[in-house]
């Protein structure tokens, strides 16, 4: 049975999510503040976190940043009343895996929970690290080095590399990368993948214009050559 932690200070929303998740046989824990949620995560880590952004005291943004900074990789779905693209992108860049804007459909939230848990369940197939050329990437610590110097990668860039590393030498289609790395994010397209690949090449390849490791298979997708 998967366990889910709801960190939400609105009693009605907390109750509604708890009831629906419980009906689908999830084990549910709740917290009214980020501080309380952090304590629960430290003592009894859940399989997934549903996290409100606007919380008293520490915000959901701050808690997400803190967890990812400590290497906690539990999937996070962020809830917020804000609808601006900037807020959505900020949450995702801080390490959230998905984003739902209030008011939301409970059916949609349930579907996103199931999708994230499926993805998390298959994560054991993914490597903890990968090395190629003068590059070393640690997926558990979210750290990367090139020629011994640290390189900053965005969370989706780590996800892209990890997916390719799990099938090193094989071609991974754009659709597979979109489904497994971006999942339920809004408006992903093949251009999203291409743009991220270009950015990763610029950071990690010796010559981004003549890549030796992150190879394009035209009309299909990409493969990582170790």
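The values are calculated or read from the model by the stated rules, or taken from the named source; none is laboratory data. None of the values given here were measured: they were computed from a predicted structure. Using ideal geometry, Cβ is built from the backbone for each residue, glycine included, and neighbour counts are taken over all protein chains shown.
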> Are there any pairs, at least 6 apart or on different chains, whose C-beta atoms fall under 8 Å, with the first in region 66-77 and under 11 Å from residue 42 (Cβ atoms) and the second at pLDDT below 85, and if so, which?
Replying inline: 67/95
>> Looking for something in contact with a strand residue (DSSP E or B) (Cβ under 9 Å, 6 or more places away or on another chain) and without any contact (Cβ under 8 Å) to a residue 12 or more places away in the chain - is there at least one such residue anywhere in region 131-141?
In response: yes
> From the list 48, 63, which residue is outside the structural domain of residue 159 (by TED's automatic domain parsing), within 22 Å of residue 114 (Cα to Cα) and buried (at least 22 other Cβ atoms within 10 Å of the Cβ)?
Replying inline: 48
> What residue, of 147, 120, 111, is within 30 Å of residue 14 (Cα to Cα) and either modelled with pLDDT of 85 or more or buried (at least 17 other Cβ atoms within 10 Å of the Cβ) (or both)?
Replying inline: 111
